[in-house]
Amino acid sequence: MLKSCMHFFNVVFPLNLGAMTYSASPELTSVIRPGMAVKAELKRSETCGIVISKASEPAIKGIKEITCLISDQPVFSEPMLGLLKWVAGYYIVPDGLALKSMLPKEIFKKGREANISKTKTHSSTYTVQDPSDGEILSESDPQVIAAIRESIDKKEYRSYLFHAGTTRDEVSVVLESLLGISNAIILVPEISHIEILASSLTKLYGERLAVLHGKLTTARRRRAFNSIISGRSDIVLGTRPAVFAPLRKLSFISVLHEHDRSYKNIEGLRYNARDVAVMRGYLEKTTVLLSSVAPSIESFYNTTTGKYTLLRDEKPAERPRVEIIKMQTAKKTTPYLSKRVTDAAASCTKRDETSLFLINRKGYSIIQCRECSYIETCPVCNLPLVYHKDEKLLKCHCCGRTSRPSNVCNKCKGSRLGMVGAGTQRIASEIKNHLNTEPLRIDRDTIRKNPLLQKVSDIIRDEEVIVSTKIITKRLAQRGTFCICAFLNPDAGLHIPDFRSSELLFQELVNISEHIRGSGTLIIQTRMPDSHVYKCIRKYDYPSFFEEELLNRKSLMYPPFSRLVLITITSKVDIGKEVAVAMKTTGMTAGEAVEVIGPLRVEGRDKGTWKILLKSKTKVSLHFYVHNFLKAFKGSKKFRITVDVDPVSI
């Protein structure tokens, strides 16, 4: 009789496991609903999890019982449970790993703050003030705002891509779209971007605003999530994890700088927050606004197929002039600084204005033998070691290995060693010699040694010349800071073996221009002046750049004309034979629907690191291949396999 009274539920735990079936007593069965947090025994200890659905009675005996409820209200709504299943299926991970990324472990802890059922919920009627932060606002196009607000009012799913003229226009459209609404998520790629919006949103919403990002303390993260679940906070601003904020009756999702790679998680669940935002909008019948001054090729392509609706800012934007310096023929102050660049910086200094020298390499230079051309490489990564003059060390910028430089060539024993290439240290030294000013150097080395450099915005105000890697553009909140910016080695971005290299450089150049005053100049030093990237950036001609990129990708069948999955297999022993057998077996079942590139063995700390790139026109074919490939290694513990769906770097 007791058995007939028992009911069964599928429970997901925030672990690398799938859903598990548990029974519940009649008393608990009467109150349990999908989305509730519960406790149940797992591996001989009580563990917190989420009920995702009812289950039929299992055929096996000895089913364990749900111990108790953690809350008497669902933590996850029905659409959020649907999102959990989609995330797990699309990114090919167990449900538990998806849950682990969607909810922090602190949410499962009992306590006065975590008792969400006793918290007073907020009224649905709010008093809203107009935003007044003139530093970040501009006049928005009424037609753009009207289209977004109409979709929000209809409570229907629609994804827009707003191609903004400037970041200020982008932010203004988001803030105006938020006026008078509740239950919204605003995503930004970096914590520094939160600074741009936080003050204005606090003026608008006060305590209704919750901020989520990866550097919150445990206590602050718990308070933020409980405030969201209780209803006290209904406007969420944050980085990648905020896309999973458990808001109810979501009405609007904004994804600023939608092209930014920071939206892609590169550990654990390798999800892209932008794509998750679009799917969440679909499941919750919510308006989604993607926005960027240089949209991703995939997103812009979606506007041509009807998947997204394109919105443009038609008013002209004030942008700095772009000047291309052909280094083969240009007059030079030093081998790596054109005379035009140093003259422009000197003029800025005379006017008490700030100039930025950007070079994407820290350290001083690479040491090369002038007799045999040998360059010292890292024995682990097989990459050139970079000389750091201030520490008198050779460093690997991949694994961190260091060594003392030799006075003779380690290959031919010759003594004629020379410096090749330039990093931030060398450029800073040359600027000091030629401009008679001490530049401020900003890279990961200087930030590590001087924590004050973490707050870049406060430090650079009184500086005449800055020499930095692109880290400054990620940490600098305000726009229009510099009189000129000289990008010294942009060609390095075009030499990256990645089909997105041109797109990434174009976006980087647009981003850099945002930090220059409208009356200023972006000076690009290049040995490839005929590249379509430089031709298009000269006039900020994104449509022409998009068309050129689309032609290149279609010829090679890369996204958006195909889908990609990157499989990485790592082991401390050589597993080349096992990889070959698994690929042969899987390939026989997959047929020609999947193009397999690799396996490519990668040098690293482990004896066997293999990468396999899969390409197909359909998601179904890719998933079929991956599932069969994983089956070939099931049960083995001598290696680790990671699956990256839609990788941003290959």
Rounded to the nearest 5, what is the percent of antiparallel bridges among the DSSP beta bridges in the range 206-319? 10
What does the extension gain come out to for Arg44 and Thr309, with contour length at 0.36 nm per residue minus their alpha carbon separation? 90.2 nm
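Please compute the contact order of the chain in relative form: average sequence separation of alpha-carbon pairs under 8 Å and at least six residues apart, divided by the residue count, as a percent.
11
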Residues of the range 623-650 with amide nitrogen under 14 Å from the 7 Å Cα-to-Cβ point of Phe499? 646-650
Taking N as the number of residues in the range 12-94, the ratio of its alpha carbon radius of gyration to 2.2 N^0.38 Å works out to 1.08
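Find, among the trypsin sites (Lys or Arg not before Pro) in the range 376-440, those assigned to loop by DSSP (not H, G, I, E, B) with at most 12 other beta-carbon atoms within 10 angstrom.
Lys392, Lys413, Arg416
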When the gyration tensor of the range 452-559 is built from Cα positions, what are the square roots of 5 times its three eigenvalues, in whole Å, from largest to smallest? 29, 14, 12
Tell me the relative contact order for the range 497-608 as a rounded percent, counting alpha carbon contacts under 8 Å between residues six or more apart. 23
For Ile145 and Arg601 in one chain, what is 0.36 nm times their gap in residues minus the Cα-Cα distance, to one decimal in nm? 159.1 nm
Any idea what log10 I(q)/I(0) is at q = 0.17 Å⁻¹ for the range 302-389, Debye with uniform C-alpha scatterers and no solvent? -0.94
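Once R0 is set to 45 Å, what does the formula 1/(1 + (r/R0)^6) return for the Cβ-Cβ distance between Lys339 and Lys413, expressed as a FRET efficiency to the nearest 0.05? Could you put the intermediate results ahead of the total?
Values: r = 39 Å, r/R0 = 0.86.
Here the calculated transfer efficiency is 0.70.
Which loop-located trypsin sites (Lys or Arg not before Pro) does the range 166-270 contain, where loop means any DSSP state but H, G, I, E or B and the Cβ has at most 11 other Cβ atoms within 10 Å?
The qualifying sites are Lys215.
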When all Cα-Cα pair distances of the range 164-291 are considered, the percent exceeding 20 Å is 39
At 7 Å along Cα-to-Cβ for each site, give me the label-to-label distance between Thr437 and Glu156 in nm. 5.6
Label-point gap, in nm, between Glu195 and Ala492 - each point 7 angstrom along Cα→Cβ: 2.4
Full-extension gain between Thr618 and Asp541, please, as 0.36 nm times their residue separation minus the C-alpha to C-alpha distance. 24.6 nm
So, relative contact order of the range 23-115 in percent, Cα under 8 Å, 6 or more apart, is 29
Counting just the Cα atoms, what span does the range 257-362 cover along each of its three principal axes? Round to the nearest Å and put the largest first. 58, 40, 30
Going 7 Å from the Cα of Val573 toward and past its Cβ, which residues in the range 607-650 have a backbone nitrogen under 18 Å from where you end up? 607-610, 632-641
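Starting from the coordinates of the alpha-carbon atoms of the range 387-452, obtain the Kirkwood hydrodynamic radius over all distinct pairs and give the value in Å to one decimal.
14.0
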Projected onto their principal axes, the Cα atoms of the range 304-449 stretch, largest extent first, over whole-Å spans of 63, 49, 37
Using label points projected 7 Å from each Cα along Cα→Cβ, tell me how many nm separate Thr377 and Arg461, to one decimal. 4.9
How much of the DSSP beta bridge set in the chain is antiparallel, as a percent to the nearest 5? 55
Are there trypsin sites (Lys or Arg not before Pro) in the range 18-65 that DSSP marks as loop and that have at most 10 other Cβ atoms within 10 Å, and which are they? Lys43, Arg44, Lys61
Apply the membrane-span-like helix rule to the chain: whole DSSP H runs, Cα extent along the own long axis of at least 30 Å, mean Kyte-Doolittle hydropathy at least 0.5. List the helices found. none
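Taking N as the number of residues in the chain, what value does Rg over Cα atoms divided by 2.2 N^0.38 Å take?
Compactness ratio reported: 1.06.
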Euclidean distance of C-alpha centroids, the range 507-585 and the range 236-311, integer Å: 20
Report the Cα centroid-to-centroid distance between the range 418-477 and the range 613-636 in angstrom, as an integer. 45
Beyond 15 Å, how much of the Cα-Cα pair distribution for the range 532-631 remains, as a whole percent? 67
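Quick note: the coordinates plus some simple rules give every number you see, no bench work behind them. Here the structure is a predicted model, which means the values were calculated and not measured. Heads up, the Cβs are rebuilt from the backbone with ideal geometry, glycines too, and the neighbour counts pull from every protein chain shown.
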